[in-house]
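Here's the structure, in structure tokens; my notes come after.
The values are calculated or read from the model by the stated rules, or taken from the named source; none is laboratory data. Keep in mind that what you see is a predicted model, and the values were worked out from it rather than measured. When the accessible area is computed, the model is the full protein with side chains, heavy atoms only, and any ligands, DNA or RNA have been set aside. Shrake-Rupley method; radii C 1.70, N 1.55, O 1.52, S 1.80 Å.
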Amino acid sequence: VKIAFTINGERRTVEVQPLKRLLDVLREDLGLTGAKEGCGEGECGACAVILDGRLVDSCLLPAYRAHGRVVRTVEGLGTPEQPDPVQSAFVAEGAVQCGYCIPGLVMASRALLDEEPSPSRPRIREALAGNLCRCTGYERVVRAVESAALTPHRACGAEPPPGPWSPPPASPGDDVRVHLPATLRDACAVLARGGVTVVGGATDLGVLMHEEIVAPREVLDLSRVAELHGVRRGDGALVIGAATPYADLLRDADVARDLPCLHAAVRAVGAPAIQSLGTLGGNLANGSPGADAVPPLLALGARLRLASHGGEREVAADAFFTGYRATVRRDDELVAAIIVPLPAAGTRQSFHKAGTRRAQAIAKVNLAACARIEDGALRDVRLAAGSVGPTVVLLRGAMASLEGGKVADLDRLAAAAGAAASAEVAPIDDVRSTAAYRREVTGNLVKRFVVSLHGERGR
Ligand SMILES: Cc1cc2nc3c(=O)[nH]c(=O)nc-3n(C[C@H](O)[C@H](O)[C@H](O)COP(=O)(O)OP(=O)(O)OC[C@H]3O[C@@H](n4cnc5c(N)ncnc54)[C@H](O)[C@@H]3O)c2cc1C
Ligand code: FES
Ligand code: FES
């Protein structure tokens, strides 16, 4: 495939195999060796570059996705004579030792400062949470970012993209066929032909392709399908395009205000470079029981719109999963939209993830919870947990034990609901945790949510 993009301010065209990783195109085809390979699976941030103003892991991104985009690598930030303020600050603060992680850390810092020129310390830590460093220690890195924030800088990604967009032309030697449709209708028509791998943000697929578990022959990429992007408000619901990157959801004022448990869950997915690409459609279709964005969808009573060449249908999010990594979605269907009813006024929402570390950890247990108080009683209680069985589940026993319960009796209700939740889940022992721990944490998270309702005034 022939991809044309703007890289470090210069327009370039390269002919590469479509699924070659952007990291390899940068290093092998363009001689830009600043981006490094650490893990090759989105975990370490050593390969991070800025794509259209957002931090991405170039080890996960198929080359064709760079077509028509603006890419900036560490080579494009500054020169030895005129370094970027972030680079100068890293040197001044002694934040560089072996240097292997530094291009990625510098790019993550630059992406943060371009969007948020004066970030707080916790925000800096959050923005860099996906970048691992083995030797420097993060304190100096954080100080460097604070110091760079004091120096004004021209934003990256400000250059115009290389002309009006059209799909990249295929080359005779391409080993994979790429479809980048602009409309849902065209996307469904491609899918109807069969044998096509759907690509959302490629954050799950990128890992599977790296490990050679998946080797697509033909891909249907949703990143240019307009109908699948954005958040629309209407008919008492927020309708979220299934291919909307998490980063867009995090910046959406309606999602932040009306769906705080979904907002919190999205913020807990991976780290910023994963959030720049990953989508709700991928989280759902991937079918992992540990998917973080899924429990809020069940707790909020979301419906999923599935689209195919033959038409559309809707299914309740809690009826989507049929078993471990199995869903009701047919091969010819896309997850097109997630329809989340606006919660009744006064609904209290929460999301909690128990993992081994703040970023990039798959949940040992996660819980999304919603409830409101009316006339001194709990109403519309919905609890959904992940990593406690083959699929994300509604905790129906705990929900039933709470529904209608009197607020005056909250502590007893919390204990009973916690016990019900522990009893009804079916977790397993695995590398991340034990079944016994997961049962106990599920109960504790439910208890904690119920107790947190003390002080809610309700109606
Ligand atoms: C380093 C790292 C950290 C991660 N951390 C987390 C985490 O903390 N929590 C978490 O939940 N996940 C995590 N993930 C997993 C992943 O980021 C999420 O599952 C993400 O939501 C996948 O979305 P995607 O668009 O990238 O999916 P893709 O990789 O593009 O696709 C995943 C699957 O869904 C299918 N698919 C994608 N979109 C659609 C659609 N609209 N309709 C039908 N099928 C579709 C694809 O064919 C594929 O089978 C992490 C991944 C990495 C690499
Ligand atoms: S090489 Fe580790 S995130 Fe890409
Ligand atoms: S400076 Fe060596 S890995 Fe970070």
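Whole-Hz Karplus ³J(HN,Hα) for region 174-179, in order, using 6.51 cos²θ - 1.76 cosθ + 1.60 and θ = phi - 60°, x for Gly and Pro?
4, 8, 9, 9, 10, 10
For the chain: lysine pairs with Cα atoms under 18 Å, gap of 8 or more or different chains, count?
Eligible lysine pairs with Cα atoms under 18 Å apart amount to 6.
In whole Hz, with x marking every Gly and Pro, tabulate ³J(HN,Hα) for region 27-38 from phi via Karplus 6.51 cos²θ - 1.76 cosθ + 1.60, θ = phi - 60°.
Result, rounded to whole Hz: 6, 8, 8, 10, x, 9, 9, x, 5, 10, 9, x.
Where does helix 410-424 land angle-wise versus the long Cα axis of the chain, in degrees 0 to 90, nearest 10?
70
Normalised by the residues of the chain, what does the relative contact order come to in percent, with Cα pairs under 8 Å and at least six apart?
12
Would you mind working out the accessible area per residue for the chain, using a 1.4 Å probe, and quoting it in Å²?
Per-residue accessible area for the chain comes out at 42 Å².
Rounded, prolate or oblate: which fits region 51-177 when a ≥ b ≥ c are the square roots of the eigenvalues of the alpha-carbon gyration tensor, with rounded for a/c under 1.5 and prolate only if a/b beats b/c?
Prolate, because a/c is 1.5 or more and a/b exceeds b/c.
With θ set to phi - 60°, apply the Karplus curve 6.51 cos²θ - 1.76 cosθ + 1.60 along region 312-319 and write out the HN-Hα couplings as whole Hz, x wherever there is a Gly or Pro.
Once rounded to whole Hz, the list reads 10, 9, 10, 10, 5, 4, 7, 10.
Which whole-angstrom value gives the distance between the alpha carbon centres of region 372-390 and region 42-119?
Distance between centres, Cα-based: 42 Å.
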